[in-house]
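Here is the structure we will look at, set down as structure tokens.
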Amino acid sequence: MRRFFTKEFDFDPDKIVLCSNCSTCRWTCTSYEEFGSEAYFAGGRLRLLRSYVERNLPVDDDFVRAVYACSTCEQCVERCPIKVPYVDIVEDIRHKLVESGKGPYGRLHLMGDMVLKRHNPYGEKPEERADWVKSDTRVSNDSEWGYFVGCTASFKRKEIGDATLRMLNYFGIEPQILGEEEFCCCSPLIRTGQIERDVYDEAEDGTKTYVGRLNVGEKINHNMEKIIERGIKHIIFSCSGCFRTVTLDWPNYYRARGGILPFTTQHLSQFLALKIKQGELEWKSSYPERVTYHDPCHLGRHVGIFDAPRVVLESIPGIEFIEMDRAREDAKCCGAGGGFKAGFGDNAINTAERRLEMAIDTGASTLVSSCVFCKLNFMDAIKKRGVEMKVLNLEDLFIDLMGLQGPG
Amino acid sequence: MLKERQLTELADIVGEDYFSSEEYMRKLYSQDIAALPGLVHDLLDTSVSAVAQPTTSEVVANLLQYCLKERIPVVPRGHGTSGYGGVLATKGGIVVEMTRMNEIYNIDRENMTVEVGAGIIWGKLIEELEDEGLTVAAYPSSAPSSTVGGWVAAGGTGIGSTKYGGIREQVVDLEVVLPDGQIIKTTKAGIGLFQGYKGLDYMYHPGTDKYQWGPSGHDKPGDDVTGLFVDSNGTLGIITKVKLKIIPLRTIQPMVASFRSRKLMIGALKDILEATRPFYLHFITNDFYRMLGEVDKAPETIGEWIVLSTYEGSDAEVAGEVEKFHHFVSRYGGTVESDEIANHEWAERFYPLRIKRLGPSLAPSEVYVPLEHLEEYLEHLDRHFKGEKYAVEGAIDDLGEVAALAWFLDDERRKISFLMGWYRSLDFIKLGLQHGGRAYSIGMWNAGHSLSFFGRKNYGLMERMKSQTDPKNRLNPGKVFPASLNLSIRFNLLILLVATIAVPVVLWFAGLLVPDLIMAYVPWLMLQDVMSVFIAMVIGLLIGVVVVEIANIVPITFLLAIGAHFMRLGRRIFKGSK
């Protein structure tokens, strides 16, 4: 039976034949909106995949491009009448492409190279990972609470790490951070299929020297070991991508205890919502503006956290909370995730612009999200459009209203 | 295959961003929604050379003019969500995908019409109209994915058709680009268009050879020929804009009743249709409901024969209809189910495909059957498809016909069995016709039913226009007007190879079995040395060429009609094997 599909794409055939070609997923597909062609939406990609595997066609660049032009936002799965696990399939295809040396697309391989060499996809110096910690904030070495900062907050958007730490400090928590010992959570690598591959350094004259073998499992298990070593029991995340990956992907790589992680994971929006429920949070000032909330795909559709951030927002005094046309399970993707922004920068900004349009339509002055990538992408879109709109993450809003900003 | 020069020039006409001739795009646009048995792809060549996505009617016109000049076949396409082969290429050429023309041009509240680009998705149009307090009177059950132009070209009935008719009744006016590149409005075109007047009376917008557009031609009022373009699968011209009827958005009240038997359900359907005016009257058989139960999409009901009757209108109207509905359901011993179930079934109207999980493949088929013959038809199906797993649902239209839709569960990974199973789709239609029905949509696979579907008069008109404007049959060949097969090169080679080998082998056997007979009458056929074997092979090759030529002029409908019998037999043999 499996011989029907060729070796190169050795998938579970049941997953592919399940799609009925009904194309219900096309209408809201992030990449279809951008590229407008049959190859650039979930169902079309599966059909493309079928024609490649059934007819044993050689994998070409066009195919690779089509497979990587997907933000894995899962809107298709949400709409699919049969619930074809499309995102799993596309990640699987990417994995196979990388294995066979055809992927990843464009310059996405740089992320993998950097993670192997420097433990973060940006290629920043690992020893500078904890440089964002300011002197008036507190971290400890023995707390049960941990804060998994993530590469983006550590190197690129340091204010997010700072805000989250101040938030935790406010509630009397002095979390442990892994600092230099924290490696990338591997979200960008798993999303782009770079599970395991050889990394080469290419000199200007084109000669390649072998650097080593990138292995996502090793990075993940390193993080796991460090977390367990330090006795951390509860981990807070400010990054939706890290949160999704640790919660849903790490168990696949953690072989001990049947894959059950020995610590709890929670996103800071859940943490804040709980504090509100327990009556431990009293807002110190009000935010008398119209605010709308964008559901990050990795936090919302992937893990199912829709209510927590709304509970937090609605509890803020003076706030006028308004939903966008498409919210919660139906939320439109901003186009930052799944390697889409890294591989198709301009297209990702166009996508964010379309989501921004929806936010503008609500008449809101502030667009709140809870994902570093969404925030980054929205800020690019705002710059491109030249409109007035504040983009904040929940933790930004929190320290603003509680007057917790650090010096400078 | 197109030449490099042609590809460049086509890209110039459409715009480079909207034109693609890459391998992967060509593969994708060589298919429609139907999961055809893999072997069919080995037999038929449905591949295209390029894909164009025109953005305006003028681009379509220039494109068609160019293709006429260069003798390139053109296959118009929406989102390809119909499974009748209407968008499959039979002679290569290019696909013209209309999805970039997806705007709402005008909402006319006075005449209650909306004018849209052919490529707009129904769901999107409905959403936009609802914001204005309006809606369309009928939409297909594939509304989340299908285009307006696609439904106009493929025809059919859908949600709302019980009250307001199918797509044919919704279309007020069409803008069509004829095969020679002229843009016409069908309400103004005049019947002359179909009667062979070659004058320019009906011209609406004349084109020039330089892909530039001059001033508008004069409009001349004439007969409304809109209806002749509906269902025509884009064989007469490419539909670029559609003007549809709209209605105000009013109360929609779905009601669900369940019945204990087929007889009771059909009795109730007839009475409900006679005494009330449902917006959408739909039924599901018990087998279908059980399958839905297996995928957790069937709430608990008293009976297993489910009727969904939805009412639309003012609050008072709807209340009156609902009261009558209660009465007729109780007359047939049925149960009116809760609002929750009714809303569930109404929300599920777009998703009959949910049962695909049980397949994992589904082979669909659809045919119109008069409601009065529905019972005998369903009984006949049970007898005919004994041992097959299938489910039937149906929607009743304004003419009292049931658009009966069957889903046969299958597994396409079992290639031979799946191929043989294709007979079921053909038989489902054949039995429907036996019970006084008619084909649902024509496309390619049903092209043999064109005459009965369109009626002698209309079909004659369409045929005449086709022969006038597109004598070489370059616009969507093989659809509506039956055309010959286009066997794949690989299959042609196979025939040649088999014939070349078969003839010497047969002669050798003949020489062994009846040597005296051959020596007595046709001694030159005796295989004696290498030379005679070689000659026999050459003869075989020549026979092969003749067979290939004949095979390539046999209409596909003829092949399907004959093939169905073999497939039925084959299915019995291969079904059990894994």
Problem - Gap separating the Cα centres of the range A:135-157 and the range B:287-350, nearest whole Å - result: 57
Fill in the blank from the handout: For the pair B:Asp296 and A:Leu110, the simple spin-label estimate (label points 7 Å beyond Cα toward Cβ) gives in nm 4.4
Practice task
Filter the chymotrypsin sites (Phe, Trp or Tyr not before Pro) in the range A:317-408 to those in DSSP coil with at most 15 other Cβ atoms within 10 Å of their Cβ, and list the result.
Solution key: none
Practice task
Counting other Cβ atoms within 10 Å, keep those with at most 10, restrict to DSSP loop, and tell me which GluC sites (Glu not before Pro) in the range A:326-408 are left.
Solution key: A:Glu388
Practice task
Mind listing the long-range amide H neighbours of A:Val391? Cut-off is under 5 Å, sequence gap 5 or more, other chains count too, H placed in the peptide plane at 1.01 Å from N.
Solution key: A:Leu367
Exercise for the section: Treating cross-link reach as a plain straight distance, find the lysines whose alpha-carbon is under 25 Å from the alpha-carbon of B:Lys270, omitting any fewer than eight places away in the same chain. Expected result: B:Lys163, B:Lys324, B:Lys430
Practice task
Compute the length gained on full extension between B:Asn552 and B:Asn111: take 0.36 nm times their separation in residues and subtract their Cα-Cα distance, giving the result in nm to one decimal.
Solution key: 153.7 nm
Exercise for the section: Shielding by partners for B:22-34, please: the mean number of other protein chain Cβ atoms within 10 Å of each residue's Cβ. Expected result: 6
Fill in the blank from the handout: So B:His384 and B:Thr8, fully extended at 0.36 nm per residue minus their Cα-Cα distance, gain in nm 130.0 nm
Exercise for the section: For the range A:109-274, build the convex hull from the C-alpha positions and give me its volume per residue in Å³. Expected result: 114
Completion exercise
Computed on Cα atoms, the radius of gyration and Dmax of the protein assembly as shown in angstrom are 32.0, 115
Handout entry: Reach of B:Lys297 by Cα under 22 Å, taken over lysines that are not fewer than 8 positions away in the same chain
Key = A:Lys15, A:Lys83, B:Lys356, B:Lys389
Exercise for the section: Put one equal scatterer on each alpha carbon of the range B:489-551, apply the Debye formula with no solvent term, and list log10 I(q)/I(0) at q = 0.18, 0.25, 0.30 1/Å to two decimals. Expected result: -0.64, -0.95, -1.15
Handout entry: Residue-by-residue Karplus 3J(HN,Hα) for the range A:244-249, coefficients 6.51, -1.76, 1.60, Hz, glycine and proline x
Key = 5, 5, 5, 6, 9, 9
Fill in the blank from the handout: Summing -39500 (n - 2.57) over every DSSP H run of at least 4 residues in the protein assembly as shown and dividing by its residue count gives a helix-only mean residue ellipticity at 222 nm, to the nearest 500 deg cm²/dmol, of -12000 deg cm²/dmol
Practice task
Ignore the peptide's own chain and count Cβ atoms of other chains within 10 Å of each Cβ in A:395-401; give me the average, rounded.
Solution key: 0
Fill in the blank from the handout: Result for the range B:221-261: accessible area per residue, probe 1.4 angstrom, in square angstrom, of 32
Practice task
For chain B, just run the numbers: alpha carbon Rg, then divide by 2.2 N^0.38 Å, N being how many residues it has.
Solution key: 1.09
Fill in the blank from the handout: Amide H contacts under 5 Å for B:Val75, restricted to residues at least 5 apart in sequence or on another chain and with H modeled in the peptide plane, are B:Ile94, B:Val95, B:Val96, B:Asn476
Handout entry: Portion, in percent, of the accessible area of the range B:4-98 that falls on carbon or sulfur, probe 1.4 Å
Key = 47
Exercise for the section: Would you mind computing, in nm to one decimal, how far apart the modelled labels at B:Val505 and B:Arg260 are, each placed 7 Å from Cα along Cα→Cβ? Expected result: 6.2
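Enter the mean projected area of the convex hull around the alpha-carbon atoms of chain A, in nm², rounded to one decimal.
The number I arrive at for chain A is 21.1 nm².
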Exercise for the section: Quote to one decimal, in nm, the extra length available between B:Trp524 and B:Leu512 on full extension: 0.36 nm per residue of separation minus the C-alpha distance between them. Expected result: 2.8 nm
Problem - Distribution of pairwise C-alpha distances over the range B:251-439, 10 Å bins, in % - result: 9, 37, 36, 15, 3, 0
Problem - Efficiency of FRET from Cβ geometry, B:Asp42 and B:Leu358, R₀ 25 Å, rounded to 0.05 - result: 0.35
Fill in the blank from the handout: Rounded to whole angstrom, the alpha-carbon centroid of the range B:26-95 lies from that of the range A:240-288 at a distance of 50
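Using a Förster distance of 45 Å, how high is the FRET efficiency between B:Arg456 and B:Asp17, based on the Cβ-Cβ distance and rounded to 0.05?
About 0.50, to the nearest 0.05.
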Problem - Chains B and A, summed buried accessible surface - 1.4 Å probe, Å², nearest 100 - result: 3300
Handout entry: Residue-wise HN-Hα coupling along the range A:138-148, computed from phi with Karplus coefficients 6.51, -1.76, 1.60 (Hz; x: Gly, Pro)
Key = 10, 10, 10, 10, 9, 6, 6, 8, x, 10, 8
Completion exercise
Sorted by chain and then number, the residues having a modelled amide H within less than 5 Å of the amide H of B:Thr135, at least 5 places away or on another chain, are B:Ile247, B:Leu249
Handout entry: Cα centroid separation - the range A:213-227 against the range B:470-514, whole Å
Key = 60
Practice task
Quick one: what are the phi-derived ³J(HN,Hα) couplings along the range A:363-374, Karplus 6.51/-1.76/1.60 with θ = phi - 60°, whole Hz, x for glycine and proline?
Solution key: x, 6, 9, 10, 10, 9, 9, 9, 8, 5, 5, 4
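Mind ranking B:175-184, B:336-345 by how tightly packed they are, going by the mean number of other C-beta atoms within 10 angstrom, highest first? Kindly include the intermediate steps, with their values, before the conclusion.
On the way: B:175-184: 24.4, B:336-345: 17.2.
Peptide ranking by packing, descending: B:175-184, B:336-345.
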Exercise for the section: Working with all protein chains in place, sort B:Leu399, B:Leu381 by solvent-accessible area computed with a 1.4 Å probe, largest first. Expected result: B:Leu399, B:Leu381
Practice task
At 7 Å along the Cα-to-beta-carbon direction for both A:Lys134 and A:Trp283, put a label point, then send me their distance in nm to one decimal.
Solution key: 2.3
Exercise for the section: May I ask for the Kirkwood hydrodynamic radius of the range A:276-402, worked out over all distinct Cα pairs and given in angstroms to one decimal? Expected result: 14.8
Problem - Of B:Lys3/B:Lys415; A:Lys332/B:Lys124; A:Lys117/A:Lys233; A:Lys96/A:Lys208; B:Lys3/B:Lys185, those spanning more than 26 Å from alpha-carbon to alpha-carbon - result: B:Lys3/B:Lys415; A:Lys117/A:Lys233; B:Lys3/B:Lys185
Fill in the blank from the handout: Within the range B:402-506, DSSP-loop trypsin sites (Lys or Arg not before Pro) with at most 12 other C-beta atoms within 10 Å are B:Lys472
Practice task
Run the numbers on the range B:4-98 and let me know its relative contact order in percent, using alpha-carbon pairs under 8 Å that are six or more apart.
Solution key: 35
Exercise for the section: Just need log10 I(q)/I(0) for the range B:56-175 at q = 0.13, 0.18 Å⁻¹, Debye formula, equal scatterers on the alpha-carbon atoms, no solvent, rounded to two decimals. Expected result: -0.55, -0.97
Completion exercise
Expressed as a whole number, the average count of other chain Cβ atoms within 10 Å around the Cβ atoms of B:80-93 is 1
Handout entry: R0 of 56 Å, Cβ-Cβ distance B:Arg168-A:Leu248: FRET efficiency to nearest 0.05
Key = 0.65
Practice task
Run the 1.4 Å probe and let me know the accessible area of A:Asp361, rounded to the nearest 10 Å².
Solution key: 120
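The values are calculated or read from the model by the stated rules, or taken from the named source; none is laboratory data. Small disclaimer: the values here were computed from a predicted structure and weren't measured. For neighbour counting, all protein chains shown are included, and Cβ atoms are generated from backbone atoms with ideal geometry for every residue, glycine included. Only protein heavy atoms, including side chains, enter the accessible area calculation; ligands, DNA and RNA are left aside. Shrake-Rupley method; radii C 1.70, N 1.55, O 1.52, S 1.80 Å.
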